[in-house]
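A short worksheet on the structure shown next.
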Amino acid sequence: MNDVSNVVNDFVNASINNGIAQEEGNANQANKYYRVIEKRKKWLVDNNELCNAVFLELLNHENGYVRFHTACALLHVKNEEALSTLQSLAEKKGILGFSAKMTVSEYKKGNI
């Protein structure tokens, strides 16, 4: 896997499926897709593509879980944009909102 668009597409699909699995309470599937998310994020970092315009655009994706995982990946490199996205998601109800709220809280405490 060496094409940015393929990596980003895998990241998007895994993020969406991770969100579905979380909302269904399927921990095994959620963990499976989370591992894909982390592998694709690692590829982007290792290949200096984390700030690629194609990946950055995911902060505006229609799916909240895609925005969440993108913001988490960018938290230390595109701080303002990532925090803004997470704070917006934190207003949502459910698992996504709670996850975003906790991520912002832990970031501000210096834990992540």
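The values are calculated or read from the model by the stated rules, or taken from the named source; none is laboratory data. Note that this is a predicted model, so its numbers are computed, not measured. Cβ atoms come from the backbone with ideal geometry, glycine included; neighbour counts cover every protein chain shown.
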Restricting the first residue to segment 70-89 and requiring it to be part of a helix (DSSP H, G or I), which pairs with a second residue that is polar (S, T, N, Q) meet a Cβ separation below 7 Å and a spacing of at least six or different chains?
-> Ala71/Thr85; Cys72/Thr103; Leu86/Thr103
Which members of segment 61-88 meet the condition of being surrounded by 19 or more Cβ atoms within 10 Å (Cβ to Cβ), closer than 16 Å to Gln22 by Cα and of a type outside the set (Val, Ile, Thr)?
-> Gly64, Tyr65, Arg67, Phe68, His69
Residues that are of a type in the set (D, E, K, R) and either closer than 18 Å to Cys72 by Cα or at pLDDT 95 or above (or both), drawn from segment 1-50 = Asp10, Glu23, Glu24, Lys32, Arg35, Glu38, Lys39, Arg40, Lys41, Lys42, Asp46, Glu49
